[in-house]
Every structure is written in C-alpha cells, then in structure tokens.
Amino acid sequence: MRMIKNENYKKALWLINEQQFHIELEKRKVEEILTMIQNADFTKYKNRKLKKCMSIGEAAEIAGVNTSAIRYWEQEGLVRSERNNENGYRMITIAELRKILVISSLRKTVYYIENIKQLLNDLDAQSYDKIESSFSVALENLSNQLLYQYKGISELLKYIDLLKR
C-alpha cells in the first residue's frame with residue numbers, strides 16, 4: 001500500500017504479479033509430486049535419475065529446500081537418514097526423498113507436523129487415497145489463494161483509479 005500511496009503503481013503491480021507466479025509454481029510442484037506419488041517406479045524426478053542413496057545436499061537440491069529444513073524434519077521424526085560409515089554424512093534414500101518432497105509441497109498449505117506425520121505413515125503404507133485427498137485440499141487452498149488475490153487486485157485497481165483522479 002505504501003507504494004500505491006507514493007504513486008509507484010507499476011512496481012506494486014509487478015510485486016503482485018510475482019506473488020501470483022509463486023502460487024503457480026507451488027501449484028505445479030504439488031501436481032508434480034502427486035504424480036510422483038502415484039508413480040510406483042520412482043527412479044527419476046524432473047528428468048533427473050535418482051541414486052539409491054544421496055547426500056542431504058543432493059536431496060535438498062532435488063526437493064528445492066534448504067538442508068536445514070531436512071535436518072529439522074529429521075529432528076521432528078518426519079524423515080530418517082543413515083550415516084555414511086566412511087565420512088559420517090547423512091545419506092537420504094529414495095523413500096525418504098519421496099517424504100521430503102511430500103513435506104515440501106504440503107508445508108505451505110497449513111498442515112501441522114502431526115498431520116504430515118500421518119500422511120507420511122500413509123505413504124509408507126501405500127494408502128494413496130488419503131494422500132491424494134490431502135493433495136486435492138492443497139490444490140484447492142492454492143486456488144483459493146489465487147481467487148483472494150484477484151479480489152484484492154480488483155479492489156486495488158479501484159483504489160488506484162480513485163487516487164489518480
């Protein structure tokens with residue numbers, strides 16, 4: 001609003017556009033991960049062949065999260081890693097990477113740790129109906145975010161029009 005009051009309309013509108021772009025990226029990520037979950041043969045992700053075990057850095061890069069997030073999720077009991085006997089580094093399996101991808105896609109759609117733990121248990125048990133339902137809710141939440149944003153843009157444009165008079 002400060003930009004609008006200072007008559008910097010274009011910059012404010014570009015910031016709003018950037019937020020819409022982030023919602024679209026999040027939607028794509030949720031859809032990709034849902035497809036990945038439905039695919040029993042999880043050996044590739046985003047055209048990248050996956051190794052049976054990878055470092056925490058590699059897993060973070062693939063999932064698009066920070067290594068500190070993975071460490072936190074490990075602390076919370078959401079994911080597990082094994083230590084490499086040679087160097088002591090955390091090693092992430094494909095099954096755990098799958099969990100990391102689920103967490104990273106659902107964490108922004110108001111899921112609490114306990115809900116995520118249950119979903120990860122469902123993932124381990126291959127109870128995909130519950131997981132698909134959760135992803136549907138996540139997609140619906142993103143659609144609602146976009147709708148609210150458009151309503152806000154509509155009001156903002158009216159406000160800008162008033163300021164210009």
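Nothing in this text is a laboratory measurement; each read-out follows from the coordinates by a stated rule. Treat the numbers as computed from the prediction; the structure is a model and nothing was measured. Because the Cβ atoms are built from the backbone with ideal geometry, glycine has one as well, and the counts that use them run over all protein chains shown.
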*About the Cα centre of the chain, how large is the charge dipole given +1 on each Lys and Arg Cβ and -1 on each Asp and Glu Cβ? Please answer in debye to the nearest 20.*
660
*What aspartates and glutamates could a cross-link reach from residue 44, if we take a straight Cα to Cα line under 13 Å and drop same-chain neighbours fewer than 8 places away?*
32
*Where a Cα-Cα gap under 17 Å defines reach, which aspartates and glutamates qualify for residue 29, not counting those fewer than 8 residues away within the same chain?*
18, 61, 132, 140
*Which of 128, 97, 69, positive extreme of dipole for the range 2-164 (C-beta unit charges)*: 69
*Within straight cross-link reach of residue 158, meaning Cα distance under 22 Å, which lysines are found once same-chain residues fewer than 8 apart are removed?*
5, 10, 11
*Rounded to the nearest Å, what's the spacing between the alpha carbon centres of the range 108-165 and the range 63-93? Just the number, please.*
27
*Nonlocal amide H pairs with residue 79, under 5 Å, H built at 1.01 Å*: 74
*Using a simple charge model, +1 on the beta-carbon of Lys and Arg, -1 on the beta-carbon of Asp and Glu, nothing else, what dipole does the range 73-135 show about its Cα centre, in debye to the nearest 20?*
180
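Remind me, relative contact order of the chain in percent, using alpha carbon pairs under 8 angstrom and six or more residues apart? Please list the in-between numbers first.
Numbers: 116 pairs, mean separation 39.4, N = 165.
Rounded, it is 24 percent for the chain.
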*Can you pull the one-decimal nm distance between simple spin-label points at residue 129 and residue 163, each 7 Å off the Cα toward Cβ?*
5.2
*So for the pair residue 80, residue 136, with labels modelled 7 Å out along Cα→Cβ, what separation do we get in nm?*
3.2
_Which order do the peptides 14-26, 93-105 come out in when sorted by mean C-beta neighbours inside 10 angstrom, highest first?_
93-105, 14-26
